[in-house]
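Worksheet: one structure, shown below.
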Amino acid sequence: MRAPNPWIAVPALAAAIFGAVVGFQVTRISCAPGTCVGASLAVAAGAAAAALLGVGTVVILAARSMAEWRRHQESAGPPRPADGDPAAGGAPHQNEA
C-alpha cells in the first residue's frame, strides 16, 4: 500500500487562505471604517473553513479515484482484443464467417 501524498493538502490550504482573505475583505469593505473587525474575522474564519472543506473533499475524492484507477490498470494486465473485431485479433462472430 502506498503512503498518502502530503501534497494533496496544498490546494485545500491555498483555498482556505484565499477564502479567508476574500471573506475578510468583503466584510471589512461593507462596514464603516474601523468597525466590524470582529465580524470580519468571523466571516474570514467561516469562509476559510468552508473553502478548506469543499476543496479538501474534492481533492481527496480525486486522489482516491486516481489510486483506484491505477490499481485497476495494474491488475487488469494488457488490453485484450475486442470480440468480433478481426482487425484487433478477436474471434469473428458466427454469422460473419
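Listed values for the range 34-49 are Karplus-derived 3J(HN,Hα) couplings in whole Hz (6.51 cos²θ - 1.76 cosθ + 1.60, θ = phi - 60°), namely x, 10, 6, 5, x, 5, 4, 5, 5, 5, 4, 5, x, 5, 5, 5, and x replaces Gly and Pro.
In plain terms, the residue of V22, V55, V37 with the fewest other Cβ atoms within 10 Å comes first and the most crowded comes last, giving V37, V22, V55. In the range 8-77, Rg over Rh equals 1.32, where Rg is the alpha-carbon radius of gyration and Rh the Kirkwood radius from pairwise Cα distances.
Rule-based calculations on the coordinates, nothing more; no lab input. Keep in mind it's a predicted model, so treat the numbers as computed, not measured. Cβ: placed from backbone, ideal geometry, glycine included. Neighbour counts: every protein chain shown.
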